[in-house]
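S.K.: Right, I'll just put the structure down here and ask away after.
The values are calculated or read from the model by the stated rules, or taken from the named source; none is laboratory data. From a predicted model like this one, the values you see are computed outputs, not experimental measurements. Here the Cβ positions follow ideal geometry from the backbone for every residue, glycine too, while neighbour counts run over all protein chains shown.
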Amino acid sequence: MCLSQGSVLCEVGEIGDARKLLEKALSIRKNNGGGEYKEGIAETEEWIGNVLREEGKLDEAVEYFNSALASKKEIFGSEHEEVGNTMFILAITLDGVKAFDLSIKYFKEVSCC
């Protein structure tokens with residue numbers, strides 16, 4: 001429920017409230033089994049990364065996107081669309097923190113998928 005509400009708030013620009021709900025959703029999922037909620041945890045981390053990006057907190061966003069990417073690769077494999085989507089948003093965010101070499105690496109990987 002918190003994830004749904006948080007993602008909607010993010011979409012309508014209520015970033016501060018969105019982040020609170022998304023962090024609550026992440027905490028709940030991690031505390032209620034972790035591994036069995038791995039996909040939901042990755043999805044929530046990606047949403048938090050999006051919120052942080054909107055807040056201009058790009059370094060923090062990169063951390064959440066990296067975590068989501070690692071989980072999605074483990075769950076779906078490297079060639080899955082979900083992995084490509086996360087990799088793309090990570091590449092854009094890395095470009096924003098001037099990590100150009102890594103950004104280019106991910107953009108190339110996405111274009112190969």
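Conditions (1) surrounded by 16 or more Cβ atoms within 10 Å (Cβ to Cβ); (2) in contact with a Gly (Cβ under 9 Å, 6 or more places away or on another chain); (3) more than 19 Å from E11 (Cα to Cα), marked per residue:
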residue	(1), (2), (3)
W47	yes, yes, no
N50	yes, no, no
D59	no, no, yes
L69	yes, no, yes
K73	yes, no, yes
G77	no, no, yes
V83	yes, yes, yes
L90	yes, yes, no
S103	yes, yes, yes
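S.K.: Another question, if that's okay. Would you mind listing the helices (runs of 4 or more DSSP H) fully within the range 51-112 where at least 2 residues are closer than 24 Å to A25 by Cβ and either without any contact (Cβ under 8 Å) to a residue 40 or more places away in the chain or of a type outside the set (K, R) (or both)? Spell out the reasoning first.
M.R.: On the way: elements: 58-76, 81-96, 100-112.
Because the criterion is at least 2 residues that are closer than 24 Å to A25 by Cβ and either without any contact (Cβ under 8 Å) to a residue 40 or more places away in the chain or of a type outside the set (K, R) (or both), the helices (runs of 4 or more DSSP H) in the range 51-112 that meet it are 58-76, 81-96.
S.K.: Going by the conditions given, is I28 touching a helix residue (DSSP H, G or I) at 6+ places or on another chain (Cβ under 6 Å) and either part of a helix (DSSP H, G or I) or at pLDDT 80 or above (or both)? Step through it out loud before you land on a result.
M.R.: Values: touching a helix residue (DSSP H, G or I) at 6+ places or on another chain (Cβ under 6 Å): no; either part of a helix (DSSP H, G or I) or at pLDDT 80 or above (or both): yes.
No: the conditions fail for I28.
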